[in-house]
1. Report the net charge of residues surrounding A:Ser9, where surrounding means a beta-carbon distance below 14 angstrom and charges are Lys +1, Arg +1, Asp -1, Glu -1.
2. How long is the gain from B:Tyr71 to B:Ser20 if the chain were fully straight, where each residue apart is worth 0.36 nm and the alpha carbon distance is subtracted?
3. With a cut-off of at most 14 other beta carbons within 10 Å, and DSSP calling the residue loop, which GluC sites (Glu not before Pro) in segment B:46-109 qualify? Please list them.
4. Taking the full set of protein chains and a 1.4 angstrom probe, give the accessible area of B:Tyr51 in square angstrom, rounded to the nearest 10.
5. Hey, what did chain B get for relative contact order, percent, Cα under 8 Å, at least 6 apart?
6. Taking 8 Å as the Cα distance limit and 6 or more residues as the minimum spacing, I'd like the relative contact order of chain A as a percentage.
7. So, for segment A:1-97, what is the accessible surface per residue at a probe of 1.4 Å, expressed in square angstrom?
8. Using the Karplus curve 6.51 cos²θ - 1.76 cosθ + 1.60 with θ = phi - 60°, what ³J(HN,Hα) values do you get for each residue of segment B:49-65, in whole Hz, with x for Gly and Pro?
Amino acid sequence: GAVVSQHPSWVICKSGTSVKIECRSLDFQATTMFWYRQFPKQSLMLMATSNEGSKATYEQGVEKDKFLINHASLTLSTLTVTSAHPEDSSFYICSAGANTGELFFGEGSRLTVL
Amino acid sequence: QKEVEQDPGPLSVPEGAIVSLNCTYSNSAFQYFMWYRQYSRKGPELLMYTYSSGNKEDGRFTAQVDKSSKYISLFIRDSQPSDSATYLCAMSEDFGNEKLTFGTGTRLTIIP
């Protein structure tokens, strides 16, 4: 099946710094990518929908200035957690839509903010 | 009330047993129903998807959807230790680049 790569898979940062997570579709072009957040033993919560070449659509309660999303090409979307704080520590997962209609998920990126 | 309800478990069964995982939902507009398997510290992988009501079988896995009851199930036959994972149901109103609404996931352990 299609492959979606996330990088980094694991990152630790100090409070107040910014962290960028990349999501790449390796063998297909994705006009739409989704960013999720998952706390331990909880479900995936959709944060935003990223469309290539346009502004992301954020879910209610997600701060767009805090979680910056850029979808510069059909194979790359980035999520930047700005001025990260310990409460931002979580597992961030992206998914990308192939033209078959199926969504493929990345391996996830675990963020720990000290 | 959550849009999708799923018993978080944990659920432990002996190897070879039949496993039944379930979700209920409230949004009658959901048309596509998916089951994902997620291993620890990994992203979800799609197991099966079903459109509208009915059954779908793929190897040891069977997905059932009952839209009248707003209830979906995933059955795993001849369960194996490698099936140990968290299983998430997900739903959408359309298929294809649509945002999914997930259940909380059920943590399943198959005991050798």
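1. Once positives and negatives cancel, what remains is +3.
2. Values: separation 51, 0.36 × 51 = 18.36 nm, distance 1.25 nm.
Contour length minus the Cα-Cα distance gives 17.1 nm.
3. B:Glu93
4. The accessible area comes out at roughly 130 Å².
5. 37 percent
6. Across chain A, relative contact order equals 37 percent.
7. Per residue, segment A:1-97 has 50 Å² of solvent-accessible surface.
8. Running phi through 6.51 cos²θ - 1.76 cosθ + 1.60 with θ = phi - 60° gives 9, 9, 9, 6, 7, x, 10, 9, 10, 8, x, 7, 10, 10, 10, 10, 10 Hz.
The values are calculated or read from the model by the stated rules, or taken from the named source; none is laboratory data. What you see is a predicted model; the values in this text were computed from it and never measured. Using ideal geometry, Cβ is built from the backbone for each residue, glycine included, and neighbour counts are taken over all protein chains shown. Only protein heavy atoms, including side chains, enter the accessible area calculation; ligands, DNA and RNA are left aside. Shrake-Rupley method; radii C 1.70, N 1.55, O 1.52, S 1.80 Å.
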